[in-house]
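Data first, discussion second: the structure below is written as structure tokens.
The values are calculated or read from the model by the stated rules, or taken from the named source; none is laboratory data. All values derive from a computational prediction rather than experimental measurement. Positions of Cβ are backbone-derived with ideal geometry, glycine not excepted, and every protein chain shown enters the neighbour counts. The protein model used for the area step is the full one, side chains on, heavy atoms only, and it has no ligands, DNA or RNA in it. Shrake-Rupley method; radii C 1.70, N 1.55, O 1.52, S 1.80 Å.
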Amino acid sequence: MKKIAVLTSGGDAPGMNAAVRSAVRTAVTEGYEVVGIKRGYSGLLDEDMFEMNYSAVGGIMEKGGTILRTSRCEEFRTEQGRARAAEILRKHGIDALVVIGGEGSLTGAMLLMEETGIPSVGIPGTIDNDIAYTDMCIGVDTCLNTCVENIQKLKDTASSHERAFVVEVMGRSSGYVALTAGIATGAEAIIIPERPVNYEAIAEKIWNERKRGKINCIIVVAEGAASAYTVARHMEHRIGYETRITILGHVQRGGSPTAFDRILASRMGYEAIQSIKDGEFGVMIALQSGKMVRVPYSKVLSEKKELDETLIKMADILS
């Protein structure tokens, strides 16, 4: 193998740039040519590529988002689209791909390899932390810190005005961010997709706390469980507080990555190139018990990552 391409795909996550930097510099050091593909699989189909060298990734580690940019590509979801992508990669002499992204991006890499033989290695980058077989994905820690910082600010004003705030965070199918942010900020209630919502029980608990003299209330809800507006309608006249709604939205994706995300991404980028050097393809780089491991796509994508039940029980006790 002589030439490797790197792309970022799907939703952006803080730390993707650190992964790109690490993969490029490791690959160059190992003697590979490196090509950056802009806008993920869409850019691949548009042949939007450029040569990357050691200096091309200087000064990017501390930046949020991804310098390669990203998108979602409907054409690449088709077998015909993936066949055309393989033709383009071969035309440009690209021998292997490093794909940084979430479940959809890794699925695309797996199908491309199965159908066309184009080898690849995946790096999990998604703020939802919903990919199996890795303890953490790139971007999760930064996202969580952003949520905690903003919820804590809301808690200050909630105390001043004796109000309840319903805070909606990202998480379509996973409640990891809502659960951990709620625990970290002492939220009175945490609503996640992994379990049904019992509005009556939540309202009764908050009302009893209000009667005992509690002067503020924070309810954290994952977007995949319910909308903040729905939760507020169920709560407002039953908990003894004036209720306000805050949807954190895409602010959770942005910002300079934390030290944890920079180091995690750097380790994963390095390991991805080592996997290519070893001729081990069709794998995702994962963090397990503090170590980098390589897990086959088929294994990663065949299972849903489950939330730690102990965390859920702990949140119920501490709230």
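Checking region 140-148 against the condition returns no match, with no residue being assigned to a loop (DSSP other than H, G, I, E, B) and modelled with pLDDT of 95 or more.
Can you name every residue in region 82-114 that is in contact with a Phe, Trp or Tyr (Cβ under 8 Å, 6 or more places away or on another chain) and not in a helix (DSSP H, G or I)? A96 - this is the single residue of region 82-114 that is in contact with a Phe, Trp or Tyr (Cβ under 8 Å, 6 or more places away or on another chain) and not in a helix (DSSP H, G or I). Which of the residues belonging to region 272-291 are within 22 Å of S302 (Cβ to Cβ) and among the acidic types (D, E)? Answer for region 272-291, where residues must be within 22 Å of S302 (Cβ to Cβ) and among the acidic types (D, E): just E280. Residues in region 115-139 that are over 13 Å from the mean Cα position of the chain (by Cα) and assigned to a strand (DSSP E or B) were compared, and the one that is surrounded by the most Cβ atoms within 10 Å (Cβ to Cβ) is G122. In region 184-201, the residue that is farthest from D130 (Cα to Cα) out of those that are open to solvent by less than 50 Å² (accessible area, probe 1.4 Å), of a type in the set (A, V, I, L, M, F, W, C) and in contact with a helix residue (DSSP H, G or I) (Cβ under 7 Å, 6 or more places away or on another chain) is A189. Would you list the helices (runs of 4 or more DSSP H) that sit entirely within region 257-319 and hold 3 or more residues that are modelled with pLDDT of 95 or more, crowded, with 17+ Cβ neighbours inside 10 Å and within 19 Å of the chain's Cα centre (by Cα)? Filter on region 257-319 gives 259-277. The single condition among (1) without any contact (Cβ under 8 Å) to a residue 12 or more places away in the chain; (2) basic (K, R); (3) buried (at least 16 other Cβ atoms within 10 Å of the Cβ) that K153 does not meet is (3).
Is it the case that S159 is part of a loop (DSSP other than H, G, I, E, B), on the phi < 0 side of the Ramachandran plot and open to solvent by less than 50 Å² (accessible area, probe 1.4 Å)? Taking the combined requirement at face value, the residue does not satisfy it. Looking at this structure, is S71 at pLDDT below 95, assigned by the TED database to the domain that holds A27 and not in a strand (DSSP E or B)? Considered against the rule, which asks whether it is at pLDDT below 95, assigned by the TED database to the domain that holds A27 and not in a strand (DSSP E or B), S71 comes out as yes.
Take the residues of region 225-239 that are part of a loop (DSSP other than H, G, I, E, B) and surrounded by 18 or more Cβ atoms within 10 Å (Cβ to Cβ): which is farthest from the chain's Cα centre (by Cα)?
Top of the filtered list is I239.
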